[in-house]
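Below is one structure, written out as structure tokens; the observations come after it.
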Amino acid sequence: MNQINGSPKGNSSKREFYSFLSIMLLFALLLTTACVESDLTNGVSPIPSPTNSDVAKVDDWQYQDGSIVPPTPPTPPTPPTLPRASTLDKVDDWQYDPSARIGGIAAIATSTAAPMTAPAPMAPTEKYTMDAAAEATMGSSANIGFSVGGSKDINNFRENIKNGHVPLPTDVTYEGLFYDYYFDTGNNGECNSLFCPSYTYAVTEDPFSGEKEYYLAVGLNSGMKESNFARKNLNLVIVLDVSGSMGSPFDRYYYDSMGNMIEKDGSEEDFRNTKMQIATEAVASLLGHLEDDDRFGMVLFNDGAYLAKPMNLVGETDMEAIEDHILDITAGGSTNMAAGMSVGTDLFDELLDIDQSEYENRIIFLTDAMPNTGDTSEYGLLGMTDNNADDQLHTTFIGIGLDFNTELIEHITKIRGANYYSVHSANQFRERMDDDFEYMVTPLVFDLELTLETKGWEIATVYGSPEANESTDELMKINTLFPSKTVGGETKGGLVLLKLNRTSSNNNLTLVVNYEDRNGQNSSSETSIDLENELPEFFDNTGIRKGVLLSRYADLLVNWIIDEREHDNWIEPWDPIIDDETGICMPPWPETTLGRWERQSMPLTISEEYEDLFEEFSTYFDAEMRAIGDDTMGKELDILHELI
């Protein structure tokens, strides 16, 4: 065995190995030096070696007040940004051009979009009609009820009081006031029809005169189940007022009794939102309720009208882009409401013959209702709206601002299928639409007539219907009923009140109801009742008691408004319409004094006579509100206290 370690032979091998290694290292050093010199000669900078200061450093300290915290996981890679789905296959068809006015002296605007064709027949959908299938499911869910058309609030009245103005008499409507509240309609029986009226009775004394009065409430009930209700597909055109008055701050301007514009005192901070801002935000909130199968178009108007967006399917439209365009709209020019309605109507030319069981045609018209050019009479706009209703094209008016002129709109919304709301806050309006939009665009009952067949009674007054002035001793008319929410057996706005006069001792009466549904089918019902001799204060239920209280409240307010306006410049003493002898009466219909419909405003004034009446009535109102058990009526009591 050969020994290597410690032997002469092993030492020789080591010396040879180290000599070879030294030669190789020297060769590598010489080669590197040559390369660097070559790079410098050729102008190439050598790559510096990284130093500690150039290396990204991590503070991985994790101690937190003695707590053990797991290490932070690595950040996942950011996914690539994809285009919006709406921009992949949807169209921004906005085409508003202020120079392309329809009507007046400017050029007529024409659509750049492809011509719209009438919709193809659609397969049946699960939308409500009172057919055999719907009747078969009558017991499946809670019913909804009805409310009348016309005004859906009295917000303009409330806001004018709040801002120190005497409202217009038309700011207070009985149907608008009723729609703020829920009513027990007295519906205790089976209902297997679209419309099933119920009747309740009251005998009560006038709170001022003590005179005995008789009331009959008509409950607006339906056999329609909430689970069966869905609105039809909607062909919707929004017509928006962009005139100069819409650009003013929301509550800065008003018009005096001579029609002169008066500017209220205050800083810019006091008047932050313009009517235009409120209106465009309201429109944006409406768009969120449209479905892909709906159609939507838009018209703007000032002294002329402009086609802003042609009528196209929502599902094929980039609605986010449309909303952005709407929020950028500015105001200017005079106000020609008739021009806006005319162009809006034209967008339905190819849609009037569609299947009415599948589609609803509606114009939503937003304005402060102060026309001052074009056809400024009620009949120009009224005539177009009325003709549209004959073609099953219905209208919703949305009033913007404190100076929204309810006198003009009150005339128009008596038309079949029409209704209106007031807007004083975009958020408030958004909440209203979340609750009401499906109902607002779906009229279900038309041309309702109630005939009183009796020898002992006659109709003295109707409360809660826009067509109250068309009623006679034996007949009550309601042009339109809209579906309405029912909660806990009470229906929102679900009551019309008849004040009766006794003509003999005969207590029997028969009520005959005739109406037409949305498919053109006529129906009728007949009910016989006996109004027994009851002593005051008798009420069949809290629903009729609430209706009587609110009607008396509205009568008092409207009579006060008329009296204060008529005697604004009087020096001599005058007597109010209401006193302890006459009691509370239906107010006379006020005459319009401004031919151009610009709102008359005056500072809030309460004469001494009415201060006393309001104080006495507030005590009565408070007691009745407690008896009814509806604390939401406290907002009316607050107004009475403000007027004392």
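The values are calculated or read from the model by the stated rules, or taken from the named source; none is laboratory data. Not measured: the values here are computed from a predicted model. A quick note on method: Cβ atoms are made from the backbone with ideal geometry, for glycine too, and the neighbour counts reach across all protein chains shown. Side chains included, ligands, DNA and RNA excluded: accessible areas come from the protein's heavy atoms. Shrake-Rupley method; radii C 1.70, N 1.55, O 1.52, S 1.80 Å.
Can you tell me how many residues within region 598-622 are open to solvent by 60 Å² or more (accessible area, probe 1.4 Å) and more than 32 Å from the chain's Cα centre (by Cα)?
7
Restricting the search to region 140-164, which residues are open to solvent by 10 Å² or more (accessible area, probe 1.4 Å) and touching a residue at least 40 places away in the same chain (Cβ under 8 Å)?
The answer is SER140, SER141, ALA142, ASN143, ASN155, ARG158, GLU159, ASN163, GLY164.
Residues being hydrophobic (A, V, I, L, M, F, W, C) and either at pLDDT below 85 or open to solvent by 10 Å² or more (accessible area, probe 1.4 Å) (or both): count how many of those fall in region 223-236.
Number of matching residues: 2.
Looking for something without any contact (Cβ under 8 Å) to a residue 12 or more places away in the chain and of a type in the set (S, T, N, Q) - is there at least one such residue anywhere in region 404-427?
Within region 404-427, one or more residues are without any contact (Cβ under 8 Å) to a residue 12 or more places away in the chain and of a type in the set (S, T, N, Q).
Within region 292-334, count every residue that is out of contact with any Leu (no Cβ under 8 Å at 6 or more places or on another chain), open to solvent by 20 Å² or more (accessible area, probe 1.4 Å) and closer than 21 Å to TYR359 by Cα.
4
Working only within region 514-538, note down all residues that are surrounded by fewer than 19 Cβ atoms within 10 Å (Cβ to Cβ) and closer than 20 Å to ASN501 by Cα.
Listed by number, the residues that qualify are THR527, SER528, ILE529, ASP530, GLU532, ASN533, GLU534, LEU535, PRO536, GLU537, PHE538.
For region 341-370, which positions are in contact with an Asp or Glu (Cβ under 7 Å, 6 or more places away or on another chain) and within 21 Å of SER422 (Cα to Cα)? So that I can check it myself, show each step before the final result.
First, the residues of region 341-370 that are in contact with an Asp or Glu (Cβ under 7 Å, 6 or more places away or on another chain): 352, 366-368, 370.
Result: LEU366, THR367, ASP368, MET370.
Given the options THR345, THR395, name the one that is modelled with pLDDT of 85 or more, open to solvent by less than 40 Å² (accessible area, probe 1.4 Å) and either under 18 Å from ASN156 (Cβ atoms) or outside any helix (DSSP H, G or I) (or both). Give the derivation first.
Numbers: THR345 fails: either under 18 Å from ASN156 (Cβ atoms) or outside any helix (DSSP H, G or I) (or both).
The conditions single out THR395.
I'm checking my understanding of the structure. Among residues of region 575-629 that are among the acidic types (Asp, Glu) and under 29 Å from LEU408 (Cβ atoms), which one is modelled with the lowest pLDDT?
GLU598
Using the structure shown, decide if SER245 is open to solvent by 20 Å² or more (accessible area, probe 1.4 Å), under 30 Å from ASP568 (Cα atoms), modelled with pLDDT under 90 and in a loop (DSSP other than H, G, I, E, B).
Against the criterion (open to solvent by 20 Å² or more (accessible area, probe 1.4 Å), under 30 Å from ASP568 (Cα atoms), modelled with pLDDT under 90 and in a loop (DSSP other than H, G, I, E, B)), SER245 does not qualify.
Among the candidates ILE364, ILE326, which residue alone is closer than 17 Å to ASP241 by Cα, in contact with a strand residue (DSSP E or B) (Cβ under 7 Å, 6 or more places away or on another chain) and not polar (S, T, N, Q)? Before you say what the answer is, go through the steps one by one.
On the way: ILE326 fails: in contact with a strand residue (DSSP E or B) (Cβ under 7 Å, 6 or more places away or on another chain).
After applying the criteria, what remains is ILE364.
Looking at LEU313, is it more than 21 Å from THR395 (Cα to Cα) and either at pLDDT 90 or above or touching a Cys at 6+ places or on another chain (Cβ under 8 Å) (or both)?
Judged against the criteria, LEU313 is not a match.
Find the residue count for region 539-576, including only residues that are in a loop (DSSP other than H, G, I, E, B) and open to solvent by 50 Å² or more (accessible area, probe 1.4 Å).
Qualifying residue count for the region: 8.
Could you grab me the full set of residues in region 181-199 that are open to solvent by 40 Å² or more (accessible area, probe 1.4 Å) and part of a loop (DSSP other than H, G, I, E, B)?
Of everything in region 181-199, those that are open to solvent by 40 Å² or more (accessible area, probe 1.4 Å) and part of a loop (DSSP other than H, G, I, E, B) turn out to be ASN187, ASN188, GLY189, GLU190, ASN192, SER193.
Conditions tested, residue by residue: (1) under 21 Å from the mean Cα position of the chain (by Cα); (2) surrounded by 22 or more Cβ atoms within 10 Å (Cβ to Cβ).
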position: LEU381; (1), (2): no, yes
position: PHE404; (1), (2): yes, yes
position: ARG416; (1), (2): yes, no
position: ASN427; (1), (2): yes, no
position: GLU467; (1), (2): no, no
position: LEU475; (1), (2): no, no
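Take region 248-286 and flag every residue that is at pLDDT 90 or above and in contact with an Asp or Glu (Cβ under 6 Å, 6 or more places away or on another chain).
ALA284
May I ask you to list pairs of residues, at least six apart or on different chains, whose Cβ atoms are under 9 Å apart, with the first in region 505-524 being farther than 18 Å from PHE146 by Cβ and the second being of a type in the set (Lys, Arg) and outside any strand (DSSP E or B)?
ASN506/LYS455; ASN508/LYS455; LEU509/LYS455
Hey, does region 212-222 have a residue that's outside any strand (DSSP E or B), over 19 Å from LYS499 (Cβ atoms) and open to solvent by less than 10 Å² (accessible area, probe 1.4 Å)?
To start, the set of residues in region 212-222 that are outside any strand (DSSP E or B) comprises 222.
In the following step, the residues that additionally are over 19 Å from LYS499 (Cβ atoms) were identified as 222.
Now drop any that are not open to solvent by less than 10 Å² (accessible area, probe 1.4 Å), which leaves 222.
Yes: one or more hits.
What are the pairs with Cβ atoms under 6 angstrom where one residue, in region 450-461, is without any contact (Cβ under 8 Å) to a residue 60 or more places away in the chain and β-branched (Val, Ile, Thr) and the other, located anywhere, is assigned to a loop (DSSP other than H, G, I, E, B) and open to solvent by 40 Å² or more (accessible area, probe 1.4 Å)? Sequence gap at least six, or different chains.
ILE459/ASP473
State which residue pairs qualify: first residue part of a loop (DSSP other than H, G, I, E, B) and inside region 166-177, second residue among the basic types (Lys, Arg) in any location, beta carbons under 7 Å apart, and separation of 6 or more residues or different chains.
Every condition considered, the pairs that remain are VAL166/ARG565; LEU168/ARG599.
Restricting the search to region 363-392, which residues are at pLDDT below 90 and not in a helix (DSSP H, G or I)?
Correct list: THR367, ASP368, ALA369, MET370, PRO371, ASN372, THR373, GLY374, ASP375, THR376, SER377.
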